[in-house]
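A.B. asks: Handing you a structure now.
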Amino acid sequence: MDFIPTFDLHTFITAPWSDGLSGSIWILVMGFLVNAACGLVGNFLILRRMALVGDAISHSLLPGIAVVFLISNSRSTGLMVTGALAAGLASVWLIEFIHKKTRVKQDAALGVTFTTFFAIGVILISVFADQVDLDLECVLYGEIGWIGFEDSWLVMGTEVPIPLLQMGVTFLVVLALVIVFYKELLVTSFDSGLATSLGIPASWIHYGLMMMLSLVIVFSFESVGAILVIAMLIMPGATGALLSDRLPHILTLSVIFGGFYSLAGIHLAEWLNCSIAGAMVVSGFGLFCLIWIASPRRGLLVLSLKRLKQRSSEVSVN
Amino acid sequence: MSIKPQISKLSGLLIFASLFLVSDACAAKIGELSETNFSDQFFRFFSFKDPSVRYAILASLLLGTCCGLLGSFIVVRKLSLMGDTLSHAVLPGVALGFLWTMTKDPWAIFIGATIAGLLGTVVVHWIHTTTHIKEDSAMGIVLSGFYAIGICLHTMIQHLPNGNKAGLDKFMFGQAAALSESDLVMIAVVTGVSLLLITLFYKEFLVTSFDNAFASSIGMPAKFFHYQLMLLLAFSVVVGLQAVGIVLVSAMLITPAATAYLLTDRMHRMLILASVFGMMAGIGGAFFSYLGNSLPTGPFMIVSASTLFGLALLFGPRYGIVPRWVRQLNRNSRIQIENTLKAVYQIREKADFKEDGVSLQQLGEQRNLPLSEVKKEVKRLIRERFATLASSDTDMFNQNQKIYFTPSGWENACRIVRNHRLWELYLTKSAQYQPDHVHDDAEEIEHVLGENIVRELERLLDFPTLDPHGKLIPSVIDLKEVQTGQ
């Protein structure tokens, strides 16, 4: 069947790089930056059991971005970030408000809020389609393949696309914040009571984390869309947690996984001729499943082997 | 209670019948009229002339019912986000179902999507039980992982020769106008099956939803009902795809049910309300998307549902924010009035009830309030007919003006003081409090003690006459004597 092209290892490896380095290398770097920045922030979401809050925020940004497009009619980054941040924080506030002021439970409050925001965003985009320079396909799976490479800045003699610079700065800011506030983030994630007794303002850290999350999602939005970004947030950390119990190790691992997703995704997308962002997440999911099954410490294989041994030793004792 | 569902069934049948009685003669496709004004479109929609409109309305009604029923159970089971996971996980199934037949065969897509959705929920369960990854992260992984596989397949299909005609885009945000007859039949079947199973096993679903351990302990197969619910959920998500779309179909489950949850405490009422809200949202979505010439239906349905949710959130009689706020205000003002009444009583008590009138200045000192505040309090008392003024002079509210209790004011003042002192006595005698520690507690509770509790306290304390501080506990009879005895 010609739906799935024949697999040839040599072409699989060389195809993305055959027409010069320039195209694929930027996609690779962009993918890495998105995955790594999201992965770093995502680890703290996993620890706080707020994985789906990331999903909620990423859906909620849409009306903010759409409204900014409608008002300003431009792709000005500052305005877009402001609009998206406002929408994201509004949704976080609204979820908390519904959850605390009414009898609706948190999961339902989350579900109601982000779908409403997202629906409003989709309506704005489709009703004002001619005024909003944003199509629904971008919302669904991003456009990492052709992000504004026409605009670029000269950095150290090479032309670097502007979106990539923005993502690079975002990644560095996230990295710096995680390193500087590592202790605070750690303590508030594991034991908010202890954090308060140490004098760490837990609610400030919480809102800071939410800000950081919104920022990362805003800049990742055009690359991977509103839905796939949840994978970038959760998968690296969850996969890392299968391999280690130490947070510094998991954080390092999630940055490395970010690179792997990006590289594997590009090759997969080239082979299958499909969405690059989608392929990155598929390879991330594949890696997760692989480690889940074959992890040397707690993988399914090791667990079932142990269980077999136990059973056979029980039999021999009897 | 037993009449309501019959009425809703009856009205449903009427609508159903009317849709088929209208002739097909004036039928036109939706896209044909591009330039029409609002009222034209409004009448076209509600005259049910277009067959596609009829399909869309019927589908929305059925889907609203089905989602409302099932959504109520997932909301009370706190599984809302499982619905979201399930709806994203069906995407690869939709794509594979399409590839199987290479046409948009509803049954192939139905089977593929159901399998993918169920597999998604099972994988969440596996990850959750075999690793130390928490359930929310597991849902995030499955949601995005399955969705990404679906996106890859979807983009691959678009590159096929007839891929662009596949119309799979419609599954993303829904297009009720594109529903075919077989889609409608499928929605009807799923709604019917859900309705039947929920009616048959209502008790079982109820018990397993609220107290799983109890259900297991009386021998109910709780797991069986959980998976039965998941299966129905998967069916409803899959048949809802065409009309609402993958991204938002979970909201059709959550939002109407959450709205109903804000309005009632009884499960059967919640089920009925949720179905009604679901139907309203469905019709709203179909209507608005029709107005704008083939706009996606799903987002409009969700915004309609969310509007209802917002209204219930603000104005729901029992749990709404505004009614609760009003009740709070009323309570606060009642507490103020009661405190003023008590202060007047205490001033009179200090003078051994020899003086009938109490001046505003005395009242201000007793309540520790400036004269302006005291004036407001006194005005309230007069409005409630608890007190009268000595004279209706032009200079009504100077500090020497005296106020007098009316009989009802007197009775209420006695009641509050009585509550306060009985409670103080109860705390010292039965709860071993020190007499100097009981005042603050009594200060709070005096406003909320009901008649029954006061009777109970009296009996418990053997009809006391003095409080721990040696003051008289007023009973209505005593005080009438004091008042008339002067």
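Nothing in this text is a laboratory measurement; each read-out follows from the coordinates by a stated rule. The shown structure was predicted, so the numbers you read here are calculated from the model rather than taken from an experiment. With ideal geometry, Cβ positions are generated from the backbone for all residues, glycine too; neighbour counts draw on all protein chains shown.
A.B. asks: Is segment B:409-485 best put as rounded, prolate or oblate by its Cα gyration tensor, with a ≥ b ≥ c the root eigenvalues, rounded for a/c under 1.5, and otherwise prolate when a/b is larger than b/c, oblate when not?
C.D. replies: prolate
A.B. asks: Can you tell me the equivalent ellipsoid semi-axes for segment B:60-110? Use √(5λ) from the Cα gyration tensor, largest first, whole Å.
C.D. replies: Over the Cα atoms of segment B:60-110, the ellipsoid semi-axes are 27, 15, 6 Å.
A.B. asks: In whole Hz, what ³J(HN,Hα) sequence does segment A:289-295 give by Karplus (6.51, -1.76, 1.60; θ = phi - 60°), x for Gly and Pro?
C.D. replies: Per-residue couplings from phi come out as 4, 4, 5, 4, 7, 10, 4 Hz.
A.B. asks: Which distance in Å, rounded to a whole number, links the C-alpha centroids of segment B:275-290 and segment A:227-294?
C.D. replies: Here the answer is 40 Å between Cα centres.
A.B. asks: Arrange the following residues from fewest to most other Cβ atoms within 10 Å of their Cβ: B:T131, A:T115.
C.D. replies: B:T131, A:T115
A.B. asks: Counting other Cβ atoms within 10 Å, which trypsin sites (Lys or Arg not before Pro) in segment B:50-85 have at most 16 and lie in a DSSP loop?
C.D. replies: Those satisfying the criteria are B:K78.
A.B. asks: Percent relative contact order of chain B, based on C-alpha pairs within less than 8 angstrom and at least six residues apart?
C.D. replies: Over chain B, the number comes to 15 percent.
A.B. asks: Return the FRET efficiency for the residue pair A:T252, B:S430: r is the Cβ-Cβ distance, R0 is 41 Å, and the value is rounded to the nearest 0.05.
C.D. replies: That pair, A:T252 with B:S430, gives E of 0.05.
A.B. asks: In peptide A:118-128, how many Cβ atoms from other protein chains are near each Cβ within 10 Å, on average?
C.D. replies: For this peptide, the per-residue mean of nearby foreign Cβ atoms is 6.
A.B. asks: Moving on. What value in Å³ per residue do you get for the convex hull of the alpha-carbon atoms in segment A:173-244?
C.D. replies: Each residue corresponds to 106 Å³ of Cα convex hull volume.
A.B. asks: Go ahead and estimate [θ] at 222 nm for the protein assembly as shown from helices alone: -39,500 (n - 2.57) per DSSP H run with n ≥ 4, summed, over the residue count, rounded to 500.
C.D. replies: It comes out at -24500 deg cm²/dmol, rounded to the nearest 500.
A.B. asks: Something else about it: Over segment B:48-319, calculate the relative contact order: mean separation of alpha carbon pairs under 8 Å at least 6 apart, over the residue count, as a percent.
C.D. replies: In percent, rounded to a whole number, it is 31.
A.B. asks: Are there chymotrypsin sites (Phe, Trp or Tyr not before Pro) in segment A:1-95 that DSSP puts in a loop and that have at most 15 other Cβ atoms within 10 Å, and which ones?
C.D. replies: Passing both the DSSP loop test and the Cβ count: A:F3, A:F7.
A.B. asks: Need one value for B:80-93: mean number of C-beta atoms belonging to other chains within 10 Å of its residues' C-beta atoms.
C.D. replies: Average per residue, whole number: 3.
A.B. asks: Separate question: Hey, what did chain A get for relative contact order, percent, Cα under 8 Å, at least 6 apart?
C.D. replies: Relative contact order, chain A: 28 percent.
A.B. asks: Then there is this: In this model, which of A:K105/B:K223; A:K100/B:K78; A:K306/B:K223; B:K350/B:K376; B:K78/B:K134; B:K342/B:K402 are farther than 18 Å apart at the alpha-carbon?
C.D. replies: A:K105/B:K223; A:K306/B:K223; B:K350/B:K376
A.B. asks: I would also like to ask the following. Across peptide B:309-321, what mean number of C-beta atoms from other chains lies inside 10 Å of a residue's C-beta?
C.D. replies: Averaged over the peptide's residues, the number is 2.
A.B. asks: What list of ³J(HN,Hα) values in whole Hz, one per residue of segment B:325-332 in order, does the Karplus curve 6.51 cos²θ - 1.76 cosθ + 1.60 (θ = phi - 60°) give from phi, with Gly and Pro shown as x?
C.D. replies: Going residue by residue, I get 5, 4, 4, 4, 4, 4, 5, 4 Hz, with x marking Gly and Pro.
A.B. asks: Over all Cα pairs of chain B, how is the pair count split among 20 Å bins, expressed in % and running from 0 up to the last occupied bin?
C.D. replies: Per 20 Å bin, starting at zero, the Cα-Cα P(r) for chain B comes out as 19, 34, 21, 22, 4, 0 percent.
A.B. asks: While we're looking at this one, here's another question. Kirkwood hydrodynamic radius, the protein assembly as shown, all distinct C-alpha pairs: what's the number in Å?
C.D. replies: One over the average 1/r among Cα pairs gives 30.6 Å for the protein assembly as shown.
A.B. asks: Rank the residues B:I254, B:I187, A:I200, A:I293 as a footprinting-exposure proxy: fewest other Cβ atoms within 10 Å of their Cβ go first.
C.D. replies: A:I293, A:I200, B:I187, B:I254
A.B. asks: Ok, one more. What base-10 log of the normalised intensity I(q)/I(0) is obtained for chain A from the Debye formula, alpha carbons as equal point scatterers, at q = 0.10 Å⁻¹?
C.D. replies: Each listed q corresponds, in turn, to -0.63.
A.B. asks: Take the eigenvalues of the Cα gyration tensor for segment A:78-142, scale each by 5, and report the square roots as semi-axes in whole Å, largest first.
C.D. replies: Whole-Å semi-axes of the equivalent ellipsoid: 26, 14, 9.
A.B. asks: If a/c stays under 1.5 just call it rounded; otherwise compare a/b with b/c (prolate if a/b is bigger, oblate if not). Do that for segment B:330-405, with a ≥ b ≥ c from the square roots of the Cα gyration tensor eigenvalues.
C.D. replies: Rounded.
A.B. asks: With a ≥ b ≥ c the root eigenvalues of the C-alpha gyration tensor of segment B:48-319, is it rounded (a/c under 1.5), prolate (a/b larger than b/c) or oblate?
C.D. replies: oblate
A.B. asks: Taking θ = phi - 60°, what integer Hz values does the Karplus form 6.51 cos²θ - 1.76 cosθ + 1.60 yield along segment A:166-176, in sequence order, with x for Gly and Pro?
C.D. replies: 4, 5, x, 4, 4, 4, 5, 4, 4, 4, 4
A.B. asks: Here's another thing I want to ask about it. Using just the C-alpha positions of segment A:240-318 as equal point scatterers, what log10 of I(q)/I(0) does the Debye formula give at each q in 0.12 1/Å?
C.D. replies: The calculated log intensity ratios at q = 0.12 Å⁻¹ are -0.49.
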